[in-house]
Protein chains: 2
Amino acid sequence: MKIGILGTGMVGETLGTKFVQLGYQVKMGSRTANNESAAKWVKAAGANASQGTFADAATFGEAVFVCLKGAVFLEVAKTLSPGALAGKVLIDVSNPLEFSNGTMSLSLCNTNSLGEEVQKALPSAKVVKTLNTVNCGVMVDPAKGGNPTIFLCGNDPDAKKKVTDLLKSMGWRDIIDLGDISKARGTEVLMHIWMNLYGLFGNPHFGFKVVRGT
Amino acid sequence: MKIGILGTGMVGETLGTKFVQLGYQVKMGSRTANNESAAKWVKAAGANASQGTFADAATFGEAVFVCLKGAVFLEVAKTLSPGALAGKVLIDVSNPLEFSNGTMSLSLCNTNSLGEEVQKALPSAKVVKTLNTVNCGVMVDPAKGGNPTIFLCGNDPDAKKKVTDLLKSMGWRDIIDLGDISKARGTEVLMHIWMNLYGLFGNPHFGFKVVRGT
């Protein structure tokens, strides 16, 4: 499978490297075709790694990962041609984080979510929200976070099936499909308690496991 | 220990019954001293159970539980004499839930929380937020929810110590102190994903366990 990664930050790099290791072909996209961070990553990641513009990575991937800050991606989405992501699985792993005076809040919350806004911005893409409740080190190695539950949601069942298979190939076992893309509201707000626990623990190697009684 | 319960609904009844079973003296408070639901509960719960007004229950309890809807309690708080809860441990187990066209939202969210508003409304009380992330059946029997993590937060360390001991007497083992009362933002928002999972599972016997890797 060919995978596009939009963004050259730590999340994009970590996911890109994992997918190359799993044998997928990966193109990392950024504002410019010759981005330095992407070039460094391509060199390190090997033959199945390549780079290009956001549009190049979007066109390349059968599944495309949003690894940009929420607000940034909504701007980038406007610059893509309407057909660039039509019918494709677009996997949003980001959160609408804002920081002011050291306090975190969400720019979309409670009655809306970034997942929903991404789907609205690209109505012909099949948006699936997932992996946004764990740090990127845990995204690619669930045991590193104590094997938590991973959630996904989206409007297209086939897209969710493909993402579930991809998650399984990454080592995820406890996967819950929450429903349509509006369910992103419930996973994005977990950032509030996630940031709190990150501060308490001093490391990001944790997650939330849904446990059930009898 | 003497415990006051504000509210005669399912949460108040369930907690009150558990505390009587644990050997505590419990007074259930409502708008009127002779509330029918409270009278029925007193009759069923036995000698250590009694009833009265909200003010009676507040005066009676060394620890007082808020088992009312968030908005209702903030109104009730205005009717209590300023000294009624001064210095007392006030345990807020409620959430600022609102429902419109079958969709849940929170009346306080993201940059505020019900826990913080309760503390503001009663500045001389020692507010501790806890138990608001599970159904009342799980509150009094953690195994029924798969032994999840229970969170607490509040500004007063001694009050949190007392509540921790109370939680332990109720069977809780995995207890995390999140910090000051503003951390209620992180636990109240869990209602979004809680309601989602409740719909998927068809029962409220679950919870969230914080798991950690290496």
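The values are calculated or read from the model by the stated rules, or taken from the named source; none is laboratory data. Given the structure is predicted, the values throughout are model-derived calculations rather than measurements. With ideal geometry, Cβ positions are generated from the backbone for all residues, glycine too; neighbour counts draw on all protein chains shown.
Some points to look at:
- Listed here are the helices (runs of 4 or more DSSP H) enclosed by region A:106-195 that have at least 1 residues being within 22 Å of B:MET195 (Cβ to Cβ), touching a strand residue (DSSP E or B) at 6+ places or on another chain (Cβ under 6 Å) and facing another protein chain (nearest Cβ under 10 Å): A:184-188.
- Cβ separations smaller than 7 Å between residues 6+ apart or across chains give the following pairs from region A:131-142 residues that are on the phi > 0 side of the Ramachandran plot to residues that are in a loop (DSSP other than H, G, I, E, B) and not charged (D, E, K, R): A:LEU131/A:VAL93.
- Among (1) touching a residue at least 24 places away in the same chain (Cβ under 8 Å); (2) surrounded by fewer than 23 Cβ atoms within 10 Å (Cβ to Cβ) - the single one B:SER94 does not satisfy: (2)
- Hits in region A:118-137 (condition: touching a Lys or Arg at 6+ places or on another chain (Cβ under 7 Å) and surrounded by fewer than 23 Cβ atoms within 10 Å (Cβ to Cβ)): A:GLY137
- Per-region count, region A:200-209, residues surrounded by fewer than 21 Cβ atoms within 10 Å (Cβ to Cβ) and either at positive phi or at the interface with another protein chain (Cβ under 8 Å from one of its Cβ atoms) (or both): 5
- Counting only residues that are of a type in the set (Val, Ile, Thr) and free of Cβ contacts under 8 Å to residues at least 12 places away in the same chain, region B:197-214 holds 2 of them.
- The residues listed here are A:GLY115, A:GLY83; of these, the one that is of a type in the set (Gly, Ala, Ser) and crowded, with 22+ Cβ neighbours inside 10 Å is A:GLY115.
- The requirement of being of a type in the set (Lys, Arg) and either under 18 Å from B:HIS192 (Cα atoms) or at pLDDT below 95 (or both) is satisfied by A:LYS209.
- Residue check for A:ASP158: at pLDDT 95 or above and more than 16 Å from the chain's Cα centre (by Cα): yes
- When region A:164-196 is limited to residues that are free of Cβ contacts under 8 Å to residues at least 24 places away in the same chain and among the β-branched types (Val, Ile, Thr), the one that is surrounded by the fewest Cβ atoms within 10 Å (Cβ to Cβ) turns out to be A:THR164.
- Screening the candidates B:VAL11, B:VAL26, B:VAL20, B:VAL76 for the property of being within 24 Å of B:ALA159 (Cα to Cα), assigned to a strand (DSSP E or B) and aliphatic (A, V, I, L, M) yields one hit, B:VAL26.
- Filter result for A:ASP177 (among the acidic types (Asp, Glu), at negative phi and touching a Leu at 6+ places or on another chain (Cβ under 9 Å)): yes
- Output for region B:79-104, where each listed residue is in a loop (DSSP other than H, G, I, E, B) and closer than 22 Å to B:ASN34 by Cα: B:LEU80, B:SER81, B:ALA84, B:LEU85
- Test: residue in region A:43-57 that is part of a strand (DSSP E or B), among the hydrophobic types (A, V, I, L, M, F, W, C), out of contact with any helix residue (DSSP H, G or I) (no Cβ under 6 Å at 6 or more places or on another chain) and free of Cβ contacts under 8 Å to residues at least 12 places away in the same chain: no
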